[in-house]
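Asker: What follows is a single structure, and I will ask about it in a moment.
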Amino acid sequence: MAHFPETRAFTGILNMLRFEGDIKDCEVEGEIPSQLNGTFHRVHPDQQFSPKFDDDQFFNGDGMISLFRFRNGKVDFKQRYAQTDKWKLEREAEHALFGAYRNPLTDDPSVKGQVRSTANTTPIVHAGKLFALKEDSPPLLMDPLSLETFGFTDFDGKMTSETFTAHPKIDPITGNMVAFSYGAKGLCTKECTYMEISPTGELLKEVWFDVPYTCMMHDFGVTEDYVCFHLVPIICNWERVEKRMPYFGFDTTMPVYLGVMPRDGEAKDMKWFKSPNLFCSHVMNAFNDGSKVHFDVPVAKNNMFPFFPDVHGNPYKPEEAASYMTRWTVDYNSKGDEFESSKRMTDMMGEFPRIDDRYATQQHDYGWLLVMDQSLPFNGPGGRASGLMLNKLGYMDFLTGKQSEWWCGPDSVIQEPCFVPRSPDSPQGDGYLIALVDDIVNNYSSLAILDAQAIEEGPIGKVKLPFRLRQGLHGNWADERKLSQV
Ligand code: V55
Ligand code: FE
């Protein structure tokens, strides 16, 4: 009998869904632009069975993939679990076999050595397949339209890393998927790789390098000529695993690094630039102008992950977890290891930054993000004191400095937005911003569609679901033409 822990990770705004299904021709309010033909895939963690341990956490849930299929002004919805090896083994056993987040020592002995992926972080279409990603494991491949699971891939044996990032980028110039791995030789290992996968799904390169210390490397930056790795001391080590502590913990006494390596280089070409301690995770985009590398990232003073606590026992400080879009600039050819500059670009407090992905690796003129405005009322459980109040979308025009916001109202929260071009060759930033809006009071979600250049005007259309989706992680748009590739 399923019974979920009565903790913050499983109740209120985070209660479970565990529901697979299909809706043909979803109810729509307002306008769905008829030229939007393609798919929006997003994922949320959703434990298939009640967890082995009551202190289980959100990041450990099984990946539940939602698909919004846009065709000629109509939208179909489909939702399926990513059928990871973990999901299949537990399905067979009819209860949880895998234990704590990133801790195989807590697993049932019957699953020793199995891939622990939950595929719960990012779905993204490449080479005609849906990659369902979790950064501790290889990619899980699925059918982008039926959501049937094919299984894990090591690219015909060419990938020797044990892991693959949940934040790959698609290089618009080469069409390659640019990726990396950390903990590439297993838990708490310093080895990493940088990889490129061709538009037809072939692993073109795997370059090995080591990092100065082991930590969560959740995202990275890719420019036309460089790959950039930000090292933030969300540290991990075997002692923590053996003591069954949370796998990661934040260390405010350690420096932050930005590693920069030419895309045609190797480990010996990596340069590590150094910064005083700070916290950041997701990268909006990176680009280079000659040897000058710009890296845009929301930066906070201190830890944003209360479930990965301070290693020195200091309490979590929500006011120090406020993050603001910041542009780091380093010169790959400089002699020293200092950042050239670090400039805060906005007073909007936010995370989950996005761009028009057709400009990934290039200078981006526009950015969007989820904004947290703690001054506004909230009617959901936990009230306004809740740590998780993602209640606005934010827009930044980097050319004119214009910024704008849209508030979803006191009953709702918003999930990560995604930019969709008006047409495949429309100018940069010309298109729509789509985002799930979850009404916590009335318990339904809708996919809101906004004019990406006028978000302050609110949604022009909504795809309405008759239930509420769980808070999720990432989502990506794939144009119709991309679906038929390969
Ligand atoms: C993140 C999310 C994860 C994870 C590691 O947002 C880092 C960061 C959903 O799982 O395993
Ligand atoms: Fe992420």
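The numbers here are math on the coordinates, done by the rules we state, and not lab data. Just so it is clear, the model here is predicted, and its values are computed rather than measured. Glycine gets a Cβ as well: all are built from the backbone with ideal geometry, and neighbour counts include every protein chain shown.
Asker: Go through 164-177, 143-156, 122-135, 333-346 and give me the packing order, highest mean Cβ count within 10 Å leading. Spell out each step's value before the answer.
Answerer: On the way: 164-177: 20.6, 143-156: 15.7, 122-135: 24.3, 333-346: 12.8.
Highest-to-lowest ranking by the protection proxy: 122-135, 164-177, 143-156, 333-346.
Asker: If you consider only alpha-carbon coordinates, what radius of gyration and Dmax does the stretch 385-432 have, in Å?
Answerer: 13.7, 44
Asker: Here's something else I'd like to know. Compute the label zone of Asn277 within the stretch 213-250: residues whose backbone N is under 20 Å from the point 7 Å along Cα-to-Cβ.
Answerer: Within reach of a label on Asn277, which here means backbone N under 20 Å from a point 7 Å along Cα→Cβ, the stretch 213-250 contributes 213-218, 230-240, 246-250.
Asker: Where a ≥ b ≥ c are the square roots of the eigenvalues of the C-alpha gyration tensor, would you call the chain rounded, which needs a/c under 1.5, or, failing that, prolate if a/b is larger than b/c, or oblate? Walk me through the numbers on the way to the answer.
Answerer: Working: a/c = 1.21, a/b = 1.06, b/c = 1.15.
The shape class here is rounded.
Asker: Shape call for the stretch 342-486 from the C-alpha gyration tensor, a ≥ b ≥ c root eigenvalues: rounded (a/c under 1.5), prolate (a/b greater than b/c) or oblate? All intermediate terms of the calculation are to be shown ahead of the outcome.
Answerer: Values: a/c = 2.05, a/b = 1.28, b/c = 1.59.
Because a/c hits 1.5 or more and a/b fails to exceed b/c, the stretch 342-486 counts as oblate.
Asker: A follow-up question, please. Restricting to DSSP loop positions (anything but H, G, I, E, B) with no more than 12 other Cβ atoms inside 10 Å of their own Cβ, which trypsin sites (Lys or Arg not before Pro) remain in the stretch 1-102?
Answerer: Details: sites: Arg8, Arg18, Lys24, Arg42, Lys52, Arg69, Arg71, Lys74, Lys78, Arg80, Lys86, Lys88, Arg91, Arg102; in loops: Arg8, Arg18, Lys24, Lys52, Arg102.
Sites meeting the loop and neighbour criteria: Lys24.
Asker: Can you compute the FRET efficiency between Lys88 and Leu204 using 1/(1 + (r/R0)^6), with r the Cβ-Cβ distance and R0 = 30 Å? Round to the nearest 0.05. Mind dumping the intermediate values first?
Answerer: Details: r = 31 Å, r/R0 = 1.02.
Result of the calculation: an efficiency of 0.45.
Asker: Still on this model: Please report the base-10 log of the normalised intensity I(q)/I(0) for the stretch 1-110, using a Debye sum with one equal scatterer per alpha carbon and no solvent, at each q in 0.09, 0.10, 0.17, 0.19 (1/Å).
Answerer: Normalising to I(0) and taking log10 leaves -0.32, -0.38, -0.84, -0.96.
Asker: Mind pulling the per residue volume of the convex hull built on the Cα atoms of the stretch 282-393? Å³ is fine.
Answerer: 129 Å³
Asker: With a cut-off of 8 Å between alpha carbons and a minimum separation of six or more residues, what is the relative contact order of the stretch 255-403 in percent? Could the numbers behind the result be given before it?
Answerer: Numbers: 295 pairs, mean separation 26.7, N = 149.
The value is 18 percent.
Asker: How far is it, in nm, from the label point at Glu20 to the one at Asp365 when both lie 7 Å from their Cα along the line to the Cβ?
Answerer: 4.5 nm
Asker: Round to the nearest 0.05 the FRET efficiency obtained for Lys464 and Asp143 when R0 = 25 Å and r is the Cβ-Cβ distance. Intermediate values should be presented prior to the final figure.
Answerer: Details: r = 26 Å, r/R0 = 1.03.
Efficiency for this residue pair is about 0.45.
Asker: Mind checking which of Trp368, Ser412, Met64 is farthest towards the positive end of the chain's charge dipole, using Cβ charges of +1 (Lys, Arg) and -1 (Asp, Glu) about the Cα centre?
Answerer: Going by the Cα projections, it comes out as Met64.
Asker: Let me spell out the model: positive unit charges on the Cβ of Lys and Arg, negative unit charges on the Cβ of Asp and Glu, origin at the Cα centre of the chain. What dipole size does that give, in debye rounded to 20?
Answerer: On the way: 49 positive and 69 negative charges, 81 e Å.
Computed about the Cα centre, the dipole is about 400 debye.
Asker: About its Cα centre, how strong a charge dipole does the stretch 70-163 have in debye, to the nearest 20, once Lys and Arg get +1 and Asp and Glu get -1 at the Cβ?
Answerer: Numbers: 13 positive and 14 negative charges, 77 e Å.
In total the dipole reaches around 360 debye.
Asker: Do you know the relative contact order of the stretch 119-214, to the nearest whole percent, from alpha carbon pairs under 8 angstrom that are 6+ apart? Show your work: numbers first, answer last.
Answerer: Values: 220 pairs, mean separation 18.9, N = 96.
About 20 percent, as a whole number.
Asker: A follow-up question, please. Pop a pseudo-label 7 angstrom from the Cα along the beta-carbon direction at both Phe53 and Thr160 and give the gap in nm to one decimal.
Answerer: For Phe53 paired with Thr160, the spin-label model returns 3.3 nm.
Asker: With a 10 Å radius around each residue's Cβ, average the other Cβ atoms per peptide and rank 223-232, 469-478, 454-463, 204-213, highest first.
Answerer: Those peptides, ordered most packed to least, come out 223-232, 469-478, 454-463, 204-213.
Asker: If I stretch the segment between Phe150 and Thr252 completely, what's the gain in nm (0.36 nm per residue apart, minus their alpha carbon distance), one decimal?
Answerer: Details: separation 102, 0.36 × 102 = 36.72 nm, distance 4.18 nm.
Answer, rounded to one decimal: 32.5 nm.
Asker: What is the magnitude of the charge dipole of the stretch 65-123 about its Cα centre, with +1 placed on the Cβ of each Lys and Arg, -1 on the Cβ of each Asp and Glu, and no other charges, expressed in debye to the nearest 20?
Answerer: Details: 11 positive and 7 negative charges, 93 e Å.
Taking the Cα centre of the stretch 65-123 as origin, the dipole is about 440 debye.
Asker: Between Leu399 and Asp411, how many nm apart are label points set 7 Å from Cα along the C-beta direction?
Answerer: 3.9 nm
Asker: Tell me, in nm to one decimal, what length is gained between Gln453 and Asp310 on full extension, where the rule is 0.36 nm per residue of separation less the Cα-Cα distance?
Answerer: Values: separation 143, 0.36 × 143 = 51.48 nm, distance 3.96 nm.
Value of the extension gain: 47.5 nm.
Asker: On to the next question. Residues of the stretch 428-451 with amide nitrogen under 12 Å from the 7 Å Cα-to-Cβ point of Gln35?
Answerer: 430-432
Asker: Relative contact order for the chain: what is it in percent, counting Cα pairs under 8 Å that are at least 6 residues apart?
Answerer: Across the chain, relative contact order equals 13 percent.
Asker: Kindly provide the helix-only [θ] at 222 nm of the chain, computed as the sum of -39,500 (n - 2.57) over DSSP H runs of four or more divided by all residues, to the nearest 500 deg cm²/dmol? Could you put the intermediate results ahead of the total?
Answerer: Working: 3 runs with 18 residues, N = 486.
It comes out at -1000 deg cm²/dmol, rounded to the nearest 500.
Asker: Ok, one more. Does a label point 7 Å from the Cα of Asn72, set along Cα-to-beta-carbon, have any residues of the stretch 456-486 with amide nitrogen under 17 Å, and which are they?
Answerer: The answer is 480-481.
Asker: For Tyr366, what charge total do you get from the other residues with a beta carbon under 9 Å from its beta carbon, if Lys and Arg give +1 and Asp and Glu give -1?
Answerer: Local net charge: -3.
Asker: For Ser342 and His95 in one chain, what is 0.36 nm times their gap in residues minus the Cα-Cα distance, to one decimal in nm?
Answerer: On the way: separation 247, 0.36 × 247 = 88.92 nm, distance 4.86 nm.
Result: 84.1 nm gained on full extension.
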